[in-house]
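Student: Submitted below is the structure of interest, expressed as structure tokens.
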Amino acid sequence: MTHEEHHAAKTLGIGKAIAVLTSGGDAQGMNAAVRAVVRVGIFTGARVFFVHEGYQGLVDGGDHIREATWESVSMMLQLGGTVIGSARCKDFRDREGRLRAALNLVKRGITNLCVIGGDGSLTGADTFRSEWSDLLSDLQKAGKITPEEATKSSYLNIVGLVGSIDNDFCGTDMTIGTDSALHRIVEIVDAITTTAQSHQRTFVLEVMGRHCGYLALVTSLSCGADWVFIPECPPDDDWEEHLCRRLSETRTRGSRLNIIIVAEGAIDKNGKPITSEDIKNLVVKRLGYDTRVTVLGHVQRGGTPSAFDRILGSRMGVEAVMALLEGTPDTPACVVSLSGNQAVRLPLMECVQVTKDVTKAMDEKRFDEAMKLRGRSFMNNWEVYKLLAHVRPPVSKSGSHTVAVMNVGAPAAGMNAAVRSTVRIALIQGNRVLVVHDGFEGLAKGQIEEAGWSYVGGWTGQGGSKLGTKRTLPKKNFEQISANITKFNIQGLVIIGGFEAYTGGLELMEGRKQFDELCIPFVVIPATVSNNVPGSDFSIGADTALNTICTTCDRIKQSAAGTKRRVFIIETMGGYCGYLATMAGLAAGADAAYIFEEPFTIRDLQANVEHLVQKMKTTVKRGLVLRNEKCNENYTTDFIFNLYSEEGKGIFDSRKNVLGHMQQGGSPTPFDRNFATKMGAKAMNWMSGKIKESYRNGRIFANTPDSGCVLGMRKRALVFQPVTELKDQTDFEHRIPKEQWWLKLRPILKILAKYEIDLDTSDHAHLEHISRKRSGEATV
């Protein structure tokens, strides 16, 4: 990318017009996408139009197509559904309707269309595009448009964003709205769990997903369900026997409740629907359990979008504008989506085709094929679910090894889910499992006990750290730690925690020179709200903290909107790492986010104050500024508050809010539960392999660098990296990785807050193809 191209972003849209519409079923996060398309479009110099009521508005024209302004998308970010309306449209299916739609666009000089919707809506857009030149010549023949108008609008660019709570679109890891729908479902499952336990009940929960079991599958992972029914993988013919056996086994193990999750499209091997009522009747008839059915219905589409969906919607909106404005008559209509944490562009029709192939495979009862087409991430979820739910823990412990699990550092939501899956996978493999209380300190003091299957029952949804966690590092207690490793015969160590878990791992590696006992395999699973562990793009607990900050910011913005002319300064956690401040800034629509990684001076503070003074002259009379707790030792939250108060006198008043430890609490979000469960399972599979490798003459001896790893998510895959190799990538003084992927999202934050800056488009996505993507896709 040359320097000239940097500046091109600001002028890319001059003389162009973009229309944005939402179509099909609504999904939370659509508004974030609309807001981003409007603001980035305006930033590039383009005119942007809202199309109200989906394709119907495109056909009807008139007042349904209105030019958008910067302010018209304000306060939209935290609203669920779609503000510009969506409708199922019959007219657009006929050529006559599309002819009227084309006329409406040509008359306004709009040649770029951004469609946010499900696969049906996107297919419609592609048809529209392929007919475009024919439609224009018809309009010209009928004398409805002039030859000049036809030449000016000679081709139509189309970019799709997938908004669908089902996550049923192939080629995208996550569709807009999926995460929020999971939030709604998991809130309800958590609530039902408490009542089911009181009465020893069995609950059958039906979630949405006519052709796609994603919501049902992830929900069952997130709440440790006993059974899940999904359309892609019908149960074996004797499933009734199997289900009843499972339920009674869970009861005899001491569990007071059973939870069964059913996707609305669930079927058996013959394609016959399996309904929630069928399941209830079966359980009542065969087992006599008190069984209730809850159908979640449209609750799943409702409510405010989660932090993930707001960031996803915003990032996709930015990428969509870039794809539209860089489009030529030869570029195929594309979909912008997320793969791992990378923005990608995929040919729209390839995605639609694969999505249709899945449905066709299911109709033709080729279920294995359907699972494969859903992609690796879906398969992975299924494998982990099957392991955790279906296998009976072996009774004999012959040939087994002893593995210990511990938490280190500050508490983070999702730690317990990681402990649970680590413990259970270890037991399934036939190992003996020990849990260590209070981190390395507990390991030194011998606060260690054996854990069985039901020890971790119901842990998935619990926040904090049930094992107890401390920041103490191991070095000063090597003698006692070594003694306990021998005493308890510990042969592998799973360390779940934050930056201390990583530095503790480095100390263990160092200590191997003096203490043979420390020569056992260990793996670090990153779990900290700060997301500052080297070797991983995400850590367990950060998503939960982000949602907590987001909810608080929404409330604060609401209060500021009521009082008018008020600016809030909010301090977030994160140590020196600006991840929470930046991502919460994106998700809550902040005017600025001060972080350590991007040094700022008094001139920057002055520019921000001036920016807010200008903002108070518009209809949006409120401001939100986030500050990471350690972004600058002199420009403290109080200093910034005082500066804003003084400079804003007579124009706006300021308030400050330090969020504090609420960011470490709360029940884990679906993302953190699912991520933690998968990380625990993956870590334990690696561990059992490493122990076997290091087994010599009746004892374990692991002394290679690759026997002490961090398991992290890197771009699109979960990878094990030796802790010693990560040393060079770490800034130890400030406890952060030297390179952090999310810093490239900061320009988006500034553009969406109306700063005139250069958008560095050097990191933008190029068109990829699905078939290739299948093999290299994220395994999260």
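Taken together, the values in this text are just the output of simple stated rules run on the coordinates, not laboratory data. What you see is a predicted model, and the numbers here were worked out from it, not measured in a lab. Heads up, the Cβs are rebuilt from the backbone with ideal geometry, glycines too, and the neighbour counts pull from every protein chain shown.
Student: Considering only Cα-Cα distances, which of the following residue pairs are longer than 21 Å: 280/678; 445/487; 617/754? Present the calculation step by step, with values, prior to reporting the outcome.
Tutor: Details: 280/678 30 Å; 445/487 12 Å; 617/754 14 Å.
Correct reply: 280/678.
Student: Among the listed pairs 372/738; 272/372; 386/690, which are separated by more than 26 Å between their Cα atoms? Don't jump to the answer; show the numbers that get you there.
Tutor: Numbers: 372/738 37 Å; 272/372 22 Å; 386/690 23 Å.
Beyond 26 Å: 372/738.
Student: Is the C-alpha gyration tensor of segment 174-255 telling us rounded, prolate or oblate? Criteria: a/c under 1.5 is rounded; beyond that, a/b larger than b/c is prolate, otherwise oblate.
Tutor: Since a/c reaches 1.5 but b/c is at least a/b, the shape of segment 174-255 is classed as oblate.
Student: What ranking, highest mean first, results for peptides 13-20, 153-160, 628-635, 226-233 when packing means the other Cβ atoms within 10 Å averaged over each residue?
Tutor: On the way: 13-20: 20.0, 153-160: 21.9, 628-635: 17.1, 226-233: 25.0.
Peptide ranking by packing, descending: 226-233, 153-160, 13-20, 628-635.
Student: What three numbers, in Å, describe the spread of the alpha carbons of the chain along their principal axes, ordered from the longest?
Tutor: Extents along the principal axes, in whole Å: 89, 69, 47.
Student: Can you give the % of DSSP beta bridges in the chain that are antiparallel, to the nearest 5?
Tutor: Close to 25 percent.
Student: What whole-number distance in Å separates the alpha-carbon centres of segment 247-293 and segment 662-732?
Tutor: 36 Å
Student: Output the peptides 106-114, 507-515, 380-388 sorted from most to least packed, where packing is the average of other Cβ atoms within 10 Å over each peptide's residues.
Tutor: Peptide ranking by packing, descending: 106-114, 380-388, 507-515.
Student: Rounded, prolate or oblate, given the Cα gyration tensor of segment 87-165, with a/c below 1.5 counting as rounded?
Tutor: On the way: a/c = 2.57, a/b = 1.78, b/c = 1.44.
Verdict is prolate for segment 87-165.
Student: Net charge within 13 Å of residue 711 by Cβ-Cβ distance, Lys/Arg positive one each and Asp/Glu negative one each, not counting residue 711 itself?
Tutor: +2
Student: I've got another one for you. With a cut-off of 8 Å between alpha carbons and a minimum separation of six or more residues, what is the relative contact order of the chain in percent?
Tutor: Over the chain, the number comes to 14 percent.
Student: To continue, here is another question. Cβ neighbours within 10 Å, averaged per peptide: list 188-199, 50-61 in order, most packed at the top.
Tutor: Result, highest mean Cβ count within 10 Å first: 50-61, 188-199.
Student: Summing Lys, Arg as +1 and Asp, Glu as -1, what charge do residues with Cβ under 14 Å from the Cβ of residue 734 carry, residue 734 excluded? Present the calculation step by step, with values, prior to reporting the outcome.
Tutor: On the way: positive: 630, 735, 738; negative: 597, 598, 629, 633, 731, 733, 739.
Residues close to residue 734 contribute a combined charge of -4.
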